[in-house]
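Working notes, beginning with the structure itself.
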């Protein structure tokens, strides 16, 4: 059971990465706007995140080195500092959006005032991270996030058009589209891939592997975990695209709220569907909030060489503990200003594309280095795929901001 | 940790980051102050059309939805419509599209009051009509 339960690290990382509030609305809106036309980006992003998380997990198991320590060593202090600032901004923005998302879901469940629930959310997260052991955070939020499978069931119940799904797996621009519509299409392609390969997933996964004290003998388990966790995330993403195409597109709705996403399950399965969807979103958003807050603290502590880790007592890793606490405090303060959580995360997803090459290049270089990894270094196929993805990520990073400005954040 | 900064180098890095952040803030403020085209208005009209369409779906299915969820979700949706209306009002548009901006503001107010008010046939009809008018406005702005 002990080793089997490790799979929840992969599930938590994937659910917190694939179906956090930004990805949820992005994917549904992409389906509502382009039908299944962007499905290939989900597959591409999933293969990419499986590749890089497997490498990061393997490095953590063999060398016990987290990602940010590699970034600092391989890219030099200045580039690592810039990456640290950019990734911390992205993490804090994403975490703020998730805190807001949790408050929105709680409001749908309770009807209580939103701002009061934001404060409640802040206290909830601080207590959870303070009191719960890392493996229990993985298990509770990973297992709870599985309630999101209600969207897979709803998509199947609505009857997806399988031939359209198959054709959506092949990259193809929409026919007879204006240059502006093409820009929107490519904006969503970049944003979906970025939201699947969000850098905090890799930071969290590798640091989590060290928290769980992985050894070289866990490399096989690492492979199973990334395959199971991220494939599950991909299935959820495909289901969301399908719901966007089959449920929301005919109704001319581009979902921007968690409650809108829950409508599809509520209409199909009544109260059971509604509550499964709302609870699933709560666990997924809360998992993402914990992932991003801990990632910020991991990155800063690893960059500055502080003792870090949930496995240490708070007083043994005082600055690490203070960092995640401050991150939650800042996030709650941002959300209390009344800013729209979904809009924040859309910005953070686009800007995170820029961090991707800086995050993944050092991982690839170290995982490929036989002097460091010995017999556990990448094989030829892994290196070829890794470099191919790095090229794709770099092109996406260069295109992200121009596309964002050109399309008014994908709004047309 | 092979490489370390002296306090002086760290200060230079911090100043560099602050300068870049300030430049980004100035660039954003400059872009926001420029007159915006029909694309900016169309983006907000599309958001409003989606909100009106969703409001119509929710009100039509209202009797089959959990009452607490219905009230809370309509409240959140109405809040989003208010945000969109404020963004439309804040757009600094070129004169050629200011008529469309007024039209969009009028429709936003109607959508807002229908979603935020009493759930009845009048609200449902208003939302359906507003959605159709917003679709037409979207098409006009596309040209």
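The values are calculated or read from the model by the stated rules, or taken from the named source; none is laboratory data. Please read these numbers as outputs of a predicted model, since none were measured by experiment. So basically every Cβ, Gly included, is an ideal-geometry build from the backbone, and we count neighbours across all protein chains shown.
Determine whether residue A:397 is at pLDDT below 90, closer than 20 Å to residue A:203 by Cα and crowded, with 17+ Cβ neighbours inside 10 Å. Don't jump to the end; show me each part of the working.
Values: at pLDDT below 90: yes; closer than 20 Å to residue A:203 by Cα: yes; crowded, with 17+ Cβ neighbours inside 10 Å: yes.
Yes.
Among the residues in segment A:214-234, are any under 23 Å from residue A:80 (Cα atoms) and touching a residue at least 12 places away in the same chain (Cβ under 8 Å)? So that I can check it myself, show each step before the final result.
Step one: filter segment A:214-234 for residues under 23 Å from residue A:80 (Cα atoms), giving none.
No, segment A:214-234 contains no residue that is under 23 Å from residue A:80 (Cα atoms) and touching a residue at least 12 places away in the same chain (Cβ under 8 Å).
At least 2 residues that are under 26 Å from residue A:379 (Cα atoms) and under 17 Å from the mean Cα position of the chain (by Cα) in each: list the helices (runs of 4 or more DSSP H) lying fully within segment A:1-115 that qualify. I'd like the intermediate steps shown before the answer.
Numbers: elements: A:7-18, A:21-34, A:39-63, A:67-75, A:77-110.
Per the criteria, A:7-18, A:39-63.
Is there a residue in segment A:169-183 that is away from chain B (no Cβ under 14 Å), surrounded by 15 or more Cβ atoms within 10 Å (Cβ to Cβ) and part of a helix (DSSP H, G or I)?
Checking segment A:169-183: not a single residue is away from chain B (no Cβ under 14 Å), surrounded by 15 or more Cβ atoms within 10 Å (Cβ to Cβ) and part of a helix (DSSP H, G or I).
As an exercise: evaluate residue B:81 against (1) at the interface with another protein chain (Cβ under 10 Å from one of its Cβ atoms); (2) crowded, with 20+ Cβ neighbours inside 10 Å and give the number of the one condition it does not meet.
(1)
Among (1) under 22 Å from the mean Cα position of the chain (by Cα); (2) more than 28 Å from residue B:57 (Cβ to Cβ), where does residue A:306 come up short?
Here residue A:306 meets the rest and fails (1).
State yes or no: is residue B:18 more than 10 Å from every other protein chain (Cβ to nearest Cβ) and under 27 Å from residue A:100 (Cβ atoms)? Explain how you work it out, then say what you get.
Working: more than 10 Å from every other protein chain (Cβ to nearest Cβ): yes; under 27 Å from residue A:100 (Cβ atoms): no.
No: the conditions fail for residue B:18.
Mind listing whichever residues of segment B:84-108 are in contact with a helix residue (DSSP H, G or I) (Cβ under 7 Å, 6 or more places away or on another chain) and within 24 Å of residue B:72 (Cα to Cα)?
Of everything in segment B:84-108, those that are in contact with a helix residue (DSSP H, G or I) (Cβ under 7 Å, 6 or more places away or on another chain) and within 24 Å of residue B:72 (Cα to Cα) turn out to be B:84, B:85, B:87, B:107, B:108.
Looking at segment A:28-44, which of its residues are closer than 10 Å to residue A:189 by Cα and surrounded by 23 or more Cβ atoms within 10 Å (Cβ to Cβ)?
Residues satisfying the conditions are A:30, A:37, A:38, A:39, A:41, A:42.
Mind checking whether some residue in segment A:245-254 is more than 13 Å from every other protein chain (Cβ to nearest Cβ), part of a helix (DSSP H, G or I), touching a helix residue (DSSP H, G or I) at 6+ places or on another chain (Cβ under 8 Å) and surrounded by fewer than 24 Cβ atoms within 10 Å (Cβ to Cβ)?
The initial filter retains those residues of segment A:245-254 that are more than 13 Å from every other protein chain (Cβ to nearest Cβ), namely A:245-246.
With part of a helix (DSSP H, G or I) added as a condition, the list becomes A:245-246.
Checking which are touching a helix residue (DSSP H, G or I) at 6+ places or on another chain (Cβ under 8 Å) leaves us with A:245-246.
Checking which are surrounded by fewer than 24 Cβ atoms within 10 Å (Cβ to Cβ) leaves us with A:246.
Checked segment A:245-254: at least one residue is more than 13 Å from every other protein chain (Cβ to nearest Cβ), part of a helix (DSSP H, G or I), touching a helix residue (DSSP H, G or I) at 6+ places or on another chain (Cβ under 8 Å) and surrounded by fewer than 24 Cβ atoms within 10 Å (Cβ to Cβ).
Count, please, the residues in segment B:106-139 that happen to be exposed (fewer than 15 other Cβ atoms within 10 Å of the Cβ) and either at pLDDT 95 or above or part of a helix (DSSP H, G or I) (or both). Break it down into steps so the answer makes sense when it comes.
Of all residues in segment B:106-139, those exposed (fewer than 15 other Cβ atoms within 10 Å of the Cβ) come to B:106, B:109, B:113, B:117-118, B:120-122, B:125, B:132, B:136, B:139.
After this cut, where a residue has to be either at pLDDT 95 or above or part of a helix (DSSP H, G or I) (or both) as well, the list is B:106, B:109, B:113, B:121-122, B:125, B:132, B:136, B:139.
Within segment B:106-139, residues that are exposed (fewer than 15 other Cβ atoms within 10 Å of the Cβ) and either at pLDDT 95 or above or part of a helix (DSSP H, G or I) (or both) number 9.
For residue B:93, state whether it is exposed (fewer than 13 other Cβ atoms within 10 Å of the Cβ), away from every other protein chain (no Cβ under 11 Å) and more than 23 Å from residue A:112 (Cα to Cα).
Details: exposed (fewer than 13 other Cβ atoms within 10 Å of the Cβ): no; away from every other protein chain (no Cβ under 11 Å): yes; more than 23 Å from residue A:112 (Cα to Cα): yes.
Spelling it out, it is not the case that residue B:93 is exposed (fewer than 13 other Cβ atoms within 10 Å of the Cβ), away from every other protein chain (no Cβ under 11 Å) and more than 23 Å from residue A:112 (Cα to Cα).
Restricting the first residue to segment B:24-53 and requiring it to be more than 9 Å from every other protein chain (Cβ to nearest Cβ) and over 30 Å from residue B:126 (Cα atoms), which pairs with a second residue that is modelled with pLDDT of 85 or more and assigned to a helix (DSSP H, G or I) meet a Cβ separation below 9 Å and a spacing of at least six or different chains?
Listed by first residue and then by second, the contacts come to B:35/B:95.
Has segment B:54-66 got any residue that is facing chain A (nearest Cβ under 9 Å), under 28 Å from residue A:102 (Cβ atoms), surrounded by fewer than 12 Cβ atoms within 10 Å (Cβ to Cβ) and at pLDDT 85 or above?
Scanning segment B:54-66, I find at least one residue that is facing chain A (nearest Cβ under 9 Å), under 28 Å from residue A:102 (Cβ atoms), surrounded by fewer than 12 Cβ atoms within 10 Å (Cβ to Cβ) and at pLDDT 85 or above, so the answer is yes.
Would you mention how many residues in segment A:126-156 are in contact with a helix residue (DSSP H, G or I) (Cβ under 9 Å, 6 or more places away or on another chain), assigned to a loop (DSSP other than H, G, I, E, B) and in contact (Cβ under 8 Å) with a residue 12 or more places away in the chain?
Residues that pass the stated criteria total 0.
State yes or no: is residue B:41 surrounded by fewer than 22 Cβ atoms within 10 Å (Cβ to Cβ) and touching a strand residue (DSSP E or B) at 6+ places or on another chain (Cβ under 9 Å)?
On the way: surrounded by fewer than 22 Cβ atoms within 10 Å (Cβ to Cβ): no; touching a strand residue (DSSP E or B) at 6+ places or on another chain (Cβ under 9 Å): yes.
The answer is no for residue B:41.
I'd like to check something: does segment A:339-346 contain any residue that is assigned to a loop (DSSP other than H, G, I, E, B), within 23 Å of residue A:195 (Cβ to Cβ) and in contact with a helix residue (DSSP H, G or I) (Cβ under 9 Å, 6 or more places away or on another chain)?
Pass one, segment A:339-346, residues assigned to a loop (DSSP other than H, G, I, E, B): A:339-340.
Pick out the ones that are also within 23 Å of residue A:195 (Cβ to Cβ) and you get A:339-340.
Now narrow it down to the ones that are in contact with a helix residue (DSSP H, G or I) (Cβ under 9 Å, 6 or more places away or on another chain): A:339-340.
Yes, there is a match, as at least one residue in segment A:339-346 is assigned to a loop (DSSP other than H, G, I, E, B), within 23 Å of residue A:195 (Cβ to Cβ) and in contact with a helix residue (DSSP H, G or I) (Cβ under 9 Å, 6 or more places away or on another chain).
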